[in-house]
Amino acid sequence: MTVHIGVIGAGMIGQDHIRRLTEVITGATVTAVTDIDQARATEVATRVGATALPTGSDLIHSPDVDAVLVTSWGPTHAEHVLNAIAVGKPVFCEKPLATTAEDCLRIVEAERAHGRRLVQVGFMRRFDVGYRQMKDVLTSGAIGTPLIVHCAHRNPTVPDSYVSAMAAQDTAVHEIDVLRWLLDDEISSVQVITPRATGKRFGHLKDPQIMLFETANGVRIDLEVFVNCQYGYDIQCETVGEDGLVRLPDPAAVGIRTAGRHGTAVLQDWKGRFGDAFDTEFGEWVAAVTAGAEPTGPSSWDGYAATVITDAAVQSLESGGEVITVDMKPRPVLYGATS
Ligand code: NAD
Ligand code: ISE
């Protein structure tokens with residue numbers, strides 16, 4: 001069986017995922033594309049032999065669409081995801097699931113009323129080989145009980161449109177998701193402090209930021225977010241346990257010795273760093289849809305949790321560094337709660 005996918009939002013990542021679905025993944029084809037920029041929708045649809053449709057609603061209701069991929073702007077995600085749930089179609093939504101906790105909860109409630117999971121959220125780090133190896137080490141007990149996690153998330157530069165709150169909402173949200181999953185624990189409080197700002201950023205931006213999280217089990221996490229670090233795209237993560245530590249590997253790269261120096265290149269963007277993870281993410285999602293099974297990747301509950309925690313981080317940033325308690329609703333049984 002080939003899964004017929006409709007894509008809402010044919011911008012940068014939408015086009016990259018369309019390429020992935022049509023050229024990399026087996027068992028899927030893109031049959032419909034929509035974008036508020038109709039010319040773009042037509043151009044992208046034509047490229048892959050799909051039909052350009054006028055709106056997200058037309059696409060979701062189309063008989064030629066078995067499953068929906070949402071890659072439009074964040075504030076539009078909730079509407080499309082709710083419409084897909086209403087017609088019972090599987091939906092993959094790029095992060096964020098929604099830009100407010102209230103909208104995330106509406107999605108969780110709609111899915112709960114439907115009775116089974118339909119939604120997967122695009123937190124791709126859970127599919128990265130290095131993070132998966134780290135998860136296996138933690139689960140095996142090889143380093144004992146985890147106590148501390150040190151992380152860094154660095155981008156070379158960001159555009160003028162990037163504002164200080166996006167350090168949590170757009171950037172740290174990936175650590176927030178992957179650390180909840182790695183530790184199988186919930187984040188209970190967050191504090192954001194701002195060291196001396198780099199001179200190499202737009203004047204309005206607080207960069208870098210240090211985010212300090214505590215989990216329900218008392219693990220402490222420090223995360224440096226530095227989105228104008230200049231030198232490259234660099235993701236670091238080290239978990240310290242009672243009996244040892246486990247560190248995320250750097251991407252494999254040849255060592256070059258020349259002109260009296262020895263070095264390796266540093267990647268420049270997230271597309272290069274997480275390209276394989278995106279491929280695995282979509283391969284596993286398509287396999288689940290093909291089998292008529294519930295998706296196994298990040299759920300709408302994970303999307304809700306990430307939004308609540310990033311809201312708390314923004315609140316801390318805006319308060320000048322207060323410790324903010326994360327106020328999350330109880331997790332429903334559909335998402336793994338025991339009661
Ligand atoms: P983009 O601006 O390049 O593309 C978004 C596209 O959606 C545009 O073509 C726009 O016209 C279209 N659009 C907006 N609202 C629409 C609507 N209601 N219906 C149809 N089309 C609509 O943005 P992007 O960089 O591709 O980001 C898209 C999403 O992907 C964002 O939510 C972003 O956070 C997420 N993203 C995730 C990652 C990741 O690492 N997982 C990386 C980058 C972006
Ligand atoms: C971007 O939206 C992403 O999702 C990238 O993974 C992240 O590294 C970057 O900081 C964000 O702006």
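Each reported figure results from applying straightforward, stated rules to the coordinates on display, with no laboratory input. Quick caveat, the model's predicted, so the values are computed rather than measured. Neighbour counts run over all protein chains shown; Cβ positions are idealised from the backbone, glycine included.
5 Å is the cut-off here: which amide hydrogens, built 1.01 Å from N in the peptide plane, fall below it relative to Asp66, excluding neighbours closer than 5 in sequence?
His4, Ile5, Gly6
When we measure straight from the Cα of Lys89, which lysines land under 27 angstrom away, once same-chain ones fewer than 8 places off are left out?
Correct list for Lys89: Lys329.
According to the square roots a ≥ b ≥ c of the eigenvalues of the Cα gyration tensor, what is the shape class of segment 110-169, taking rounded for a/c under 1.5, prolate for a/b larger than b/c otherwise, and oblate for the remainder?
Here segment 110-169 falls in the oblate category.
Where does segment 259-324 land on Rg(C-alpha)/(2.2 N^0.38 Å)?
Ratio of Cα Rg to 2.2 N^0.38 Å: 1.79.
Using the alpha-carbon centroid of each, what span in Å lies between segment 198-234 and segment 1-50?
Answer, in whole Å: 34.
For a footprinting-style exposure proxy, rank Thr171, Thr258 by other Cβ within 10 Å, fewest first.
Thr258, Thr171
For Ser189 and Gln230, what does the FRET efficiency come to when R0 = 25 Å and r is the distance between their Cβ atoms, rounded to the nearest 0.05?
Step by step, r from the Cβ atoms, then E = 0.20.
Could you run the Karplus curve 6.51 cos²θ - 1.76 cosθ + 1.60 with θ = phi - 60° over segment 320-330 and give me ³J(HN,Hα) per residue in whole Hz, x for Gly and Pro?
Per residue, the Karplus-derived 3J(HN,Hα) values read x, x, 5, 7, 10, 7, 7, 10, 10, 5, x Hz.
With a cap of 14 neighbouring Cβ atoms within 10 Å, and only residues DSSP puts in a loop, list the GluC sites (Glu not before Pro) found in segment 142-245.
When the GluC sites (Glu not before Pro) of segment 142-245 are filtered for loop state and at most 14 Cβ neighbours within 10 Å, Glu186, Glu242 remain.
With the Cα gyration tensor of segment 4-47 in hand, give its eigenvalues times 5 under a square root as the equivalent ellipsoid semi-axes, listed largest first in whole angstrom.
17, 10, 8
Skipping prolines and chain starts, which residues have an amide H placed within reach, meaning under 5 Å, of the one on Ser188, given they are 5 or more residues away or on another chain?
Sorted by chain and number, the residues that satisfy this are Glu214, Thr215, Ala216.
Let a ≥ b ≥ c be the square roots of the eigenvalues of the Cα gyration tensor of segment 1-99; is it rounded (a/c under 1.5), or, if not, prolate (a/b larger than b/c) or oblate?
rounded
Just want to confirm a number: the relative contact order over segment 214-315, from Cα pairs under 8 angstrom separated by 6+ residues, in percent.
Taking the mean separation of contacting Cα pairs over the length of segment 214-315, I get 16 percent.
Compute the Rg to Rh ratio over segment 178-257 from the alpha carbon atoms, using the Kirkwood formula for Rh, and round to two decimal places. Could you put the intermediate results ahead of the total?
On the way: Rg = 15.7 Å, Rh = 15.1 Å.
For segment 178-257, the value is 1.04.
Just rank Trp285, Trp73, fewest to most, by other beta-carbon atoms within 10 angstrom.
Ordered by Cβ neighbours within 10 Å, fewest first: Trp73, Trp285.
Enter the Cα centre distance for the pair segment 270-338 and segment 77-150, rounded to the nearest angstrom.
Each part reduced to its Cα centre gives a spacing of 4 Å.
Would segment 219-292 count as rounded, prolate or oblate if I go by the C-alpha gyration tensor, calling it rounded below 1.5 in a/c and otherwise prolate when a/b exceeds b/c, oblate otherwise? Write out the running numbers ahead of the final one.
Details: a/c = 2.03, a/b = 1.35, b/c = 1.51.
Taking the square roots of the gyration eigenvalues as a ≥ b ≥ c, segment 219-292 is oblate.
Please rank Ile256, Ile309, Ile143, fewest neighbouring Cβ atoms within 10 Å first, as an exposure proxy.
Ile256, Ile143, Ile309
What lysines does Lys271 reach when the alpha-carbon gap must be under 18 Å and sequence neighbours fewer than 8 apart in one chain are set aside?
Reachable lysines: Lys95.
Short version: ³J(HN,Hα) in whole Hz for each residue of segment 256-272, in order, from phi by Karplus 6.51 cos²θ - 1.76 cosθ + 1.60 (θ = phi - 60°), x for Gly and Pro, what are they?
10, 10, 7, 6, x, 10, 10, x, 10, 6, 9, 4, 10, 7, 5, 4, x
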